[in-house]
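Worksheet: one structure, shown below.
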Amino acid sequence: MKSTLKKTATLIVLFLLTSSASLRAVSHIDQAGPPANKFSLWYHQPAGDISSKWESEWLPLGNGFIGAMFQGSVDLECIQFTEKTLWDGGRKANPNYFGGNKRGAYTHLKGVRDLLFAGNPEGASAEANAWLTGDSSTYGCFRGIGELFITSPGFSTATVSGYRRELDLEDGVGRVEFNYKGDKYTREYFVSFPDKVMVLNFDCDEPGKLNFNINWKSIHRGAAISASDGLLLMTALNRTHGGMDFQARAKVINHGGSMSTGRNSVNITGADSVMIIVSVATEYKNVFSTPEIGQYAYVGNDPVAITTDAINAASGKSYARLLFSHQKDYKNLYNRVKIDIGENSPQMDKPTDKRLSEYKAGETDNHLEALLFQYGRYMLIASSREGTLPANLQGIWCEKIKPPWHSDYHFNINVQQNYMPALINNLAECNVPFIDYLYSLMEPGAISAREHYNASGWTVSTENSPLGHTAPGDSFSWGCMPMAGAWAAWHAWEHYLYTQDEDFLRNKAYPVMKGAAEFVADYLVYDLLNNDGTLVSVPSYSPEHGELSVGVAMDQQIAWAIFTATIEASEILGVDVTFRNVLIEKKSKLSDGLRIGKYGQLQEWKEDIDIPNNNYPAHVAHLWALYPGNQLSPAHSPQKIIDGAKLALEWRGVFSKTMGYQIAKRGNCWARLWEKDRVYQYIRDQLNNMTMNNLFCSHDRGPKKFQIDGNFAYTCEVAEFFMQSHAGEIDLLPALPDEWPAGYVKGLRAQGNYEIDVKWRNGKLAIATVHSYSGLKRKIRYVPTGSVLTLTSDPVQNFSIDGKGNLIALGH
Ligand code: FUC
């Protein structure tokens, strides 16, 4: 029966076929409908060429270690991959590598400060560029590794029908499906965190139909490729010129048919199904020093042992079992947050690229906006898992030898922005790699603190590599960021604020915070320019805006935040009374980072020199205290400061002008100001102008350049429209846009160890459920009316509003 049906279908398809298109083109006859799971990205055609479409069309998979992108081609499938720790450079490139630090640079610090105090910023810049910059000559770079090809001999893509390429965010799986000569072919791809392997499974509903040639190539010259017994190896050992050793190992397992192994490839003939398991590892180890190598070691893992063990363990498991463990792990994280802001039929039934282009043409598509939100959560799960490095500028995905900005850790906003969505979106586990990483920066960061600033504690600058490069960059103003470590360490404090995990605070967060606060305490000096008796950061620089200066707003705000957090943490832990008192004393003398200037604006610099409407498209650094900081809130801050922040944002928040990674940041600032009518334009701008067909965020408005913090900032922004908790209370619906009149969000996390579900109708709260895991009795505010209640210690509490908008507690 099945074969009769299939024959009829084949005839129809053949009848309908037009002349054959180019090899990659896929027929649109018998087009596939949408996938079963609504939170999926899907397409009617494979992604384009790797050289021009990788960052805009290919779809990402990852487990925090291995990052892969798949093209979805029928006849020549390509899975591009890398491993997060593949960093070339550092000590392997130069045995005298010293983390980029220049020994004794600090002896010139006083000279730079004196010039700034003498009112000579140009002279100070020249002096700083001559003496205080770091050495970036062997800084290194994150790199792609290679591409795996699965060729289907005899296949013609022109004759497939029902083609669909998808990334299913609900299942954590990529798929390619199509019909060919009456048979249905299904391919499923994922990267498993529990099994530490990438798994590719090829199936057909008719036995014996799968014929493949499987091989791969590396983008690294000198990587040896070999094959034996269904096993492909890509090995680069004993590399010179700074190259990190690595190995990729792929095992091909066929069910039915036969397998033969050539010199560099594996051939499958007539199989029922085929599974390919891939392990990738490098010699990178995040250890600062070893007895054999000394400082800046950062190697010590054995890639051959890691890939051998992973493949041996995984190849003894069935595809179903590997899939089961992957989904159990993935769904445990992904399923915690559910969102519904409205579903827009018929847009939801259209492929993602079509939806996006219609959206750009003005179509309403709330579900697409929700899809982008969940995509950020997917990407964080795929790029940031415990046991390895945090997500970098491209998360974990890289196809090149030289990605933009080395795809490194940028500490003047980007790496922090990667982690802004983690806690509120119930992914605390994905935040841990960042805090672990900061912990590991304490050793190299102490050397930079000493050599460049004669300070205790630890520091890091604008650009950082996982090879311990914590020195300032090679142009000083841009490349120095004295408060970078403190900003990052403040994330460790936030982790505690959300989770209330005192062990984590004691063992992980507090040491990081204390070291950062020590550095800041030493770095601050009395302001001899204004002679006002305040402590200021000198030299300081408002990221990418202006010249070297004395006590820029952002530095002062971050100093305030790290002091406040460290004082409080030391009280909670009952430690370091003397140091705490030093911080209390210094905090009382800090120059205020919340100065209001002659136009009523929140100042970016200590001097009142802001230019109205200057529309600078990048950082809005002086709003740090508002977002991501915790210092400001309309709930308790003086109106003058809130108005000053609004004006500053007005001048700099101009719609459709900012860069990709800054759009959601501005939306988030308006959300923190509880200006619901200002936020939605940033949602629209990001999707309209900076979102590519695979929903990656572009850094630039011109030629597209993938940078992941734009995606992550979006996911944070959307969550904060529904709920905020930075002001020591739970704020419900603080910035709900009118464009999302009804819906719900379930599973957000709030500071104080709460989990929050919110449902609304006609733009008004219907019900909010607070799950209280630590029993704290904080306030809960319904922002649209300002109505406030106090939480009890009950584990579950429900709230709604009465006819006047007053918050009312409901029974359980
Ligand atoms: C910051 C930004 C740049 C870029 C870089 C990676 O310095 O200002 O535009 O995003 O990071």
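The values are calculated or read from the model by the stated rules, or taken from the named source; none is laboratory data. Note that the structure is a prediction, hence the values are computed from the model and not measured. Cβ: placed from backbone, ideal geometry, glycine included. Neighbour counts: every protein chain shown.
Taken over the range 197-223, residues that are not acidic (Asp, Glu) and not in a strand (DSSP E or B) amount to 8.
Within the range 509-539, the residues that satisfy the criterion of being buried (at least 21 other Cβ atoms within 10 Å of the Cβ) and either among the hydrophobic types (A, V, I, L, M, F, W, C) or within 16 Å of the ligand (Cβ to nearest atom) (or both) are 509, 512, 513, 516, 517, 519, 520, 521, 524, 535, 536, 538.
Looking at the range 619-642, is at least one residue under 24 Å from the mean Cα position of the chain (by Cα) and closer than 30 Å to residue 354 by Cα? No - not one qualifying residue is present in the range 619-642.
Only one of the listed residues (251, 196, 217, 181) is more than 28 Å from residue 325 (Cα to Cα), among the charged types (D, E, K, R) and under 33 Å from the mean Cα position of the chain (by Cα). That residue is 217. For the range 403-425, a residue qualifies if it is more than 13 Å from the ligand (Cβ to nearest atom) and under 12 Å from residue 710 (Cα atoms), and the qualifying residues are 419, 420, 421.
Report yes if residue 547 is at pLDDT 95 or above, surrounded by fewer than 18 Cβ atoms within 10 Å (Cβ to Cβ) and of a type in the set (Asp, Glu), otherwise no. So residue 547 does not fit the description; no. Looking only at residues in the range 476-498 that are of a type in the set (Gly, Ala, Ser) and more than 16 Å from the ligand (Cβ to nearest atom), the one that is surrounded by the most Cβ atoms within 10 Å (Cβ to Cβ) is 489. Residue under question is residue 436, and the condition is that it be buried (at least 22 other Cβ atoms within 10 Å of the Cβ), acidic (Asp, Glu) and farther than 18 Å from residue 106 by Cα; does it hold? The answer is no for residue 436. Tell me yes or no: at least one residue of the range 339-358 is over 26 Å from residue 146 (Cα atoms), part of a loop (DSSP other than H, G, I, E, B) and among the acidic types (Asp, Glu). Within the range 339-358, one or more residues are over 26 Å from residue 146 (Cα atoms), part of a loop (DSSP other than H, G, I, E, B) and among the acidic types (Asp, Glu).
Of 783, 796, 788, 770, all but one fail to be more than 13 Å from residue 730 (Cβ to Cβ) and at pLDDT 95 or above; the exception is 796. Residues that are hydroxyl-bearing (Ser, Thr, Tyr), in contact with a Lys or Arg (Cβ under 9 Å, 6 or more places away or on another chain) and either part of a helix (DSSP H, G or I) or within 16 Å of the ligand (Cβ to nearest atom) (or both) within the range 618-662 comprise just one, 658. Sub-7 Å Cβ pairs linking a first residue in the range 788-809 that is within 18 Å of residue 750 (Cβ to Cβ) to a second residue that is in a loop (DSSP other than H, G, I, E, B) and at pLDDT 95 or above, at least 6 apart or interchain, are 790/777; 791/777; 791/778; 792/777; 793/775; 793/777; 797/791, ordered by first then second residue. A single entry from 289, 279, 315 fulfils the requirement of being of a type in the set (S, T, N, Q), over 26 Å from residue 95 (Cα atoms) and either modelled with pLDDT under 95 or surrounded by fewer than 19 Cβ atoms within 10 Å (Cβ to Cβ) (or both): 315.
Residue 400 falls short on exactly one of the conditions (1) assigned to a loop (DSSP other than H, G, I, E, B); (2) more than 16 Å from the ligand (Cβ to nearest atom); (3) not aromatic (Phe, Trp, Tyr), and that condition is (2). Scanning the range 174-193 for residues that are touching a Leu at 6+ places or on another chain (Cβ under 9 Å) and surrounded by fewer than 22 Cβ atoms within 10 Å (Cβ to Cβ) turns up 181, 182, 187, 188. Cβ-Cβ distances below 6 Å connect the following pairs, each with a first residue in the range 435-450 that is over 19 Å from residue 507 (Cα atoms) and modelled with pLDDT of 95 or more, a second residue that is assigned to a helix (DSSP H, G or I) and not β-branched (Val, Ile, Thr), and a separation of six or more residues or different chains: 449/519. On the basis of being under 23 Å from residue 627 (Cα atoms), touching an Asp or Glu at 6+ places or on another chain (Cβ under 9 Å) and touching a residue at least 60 places away in the same chain (Cβ under 8 Å), does residue 415 make the cut? When the stated conditions are applied, residue 415 passes them.
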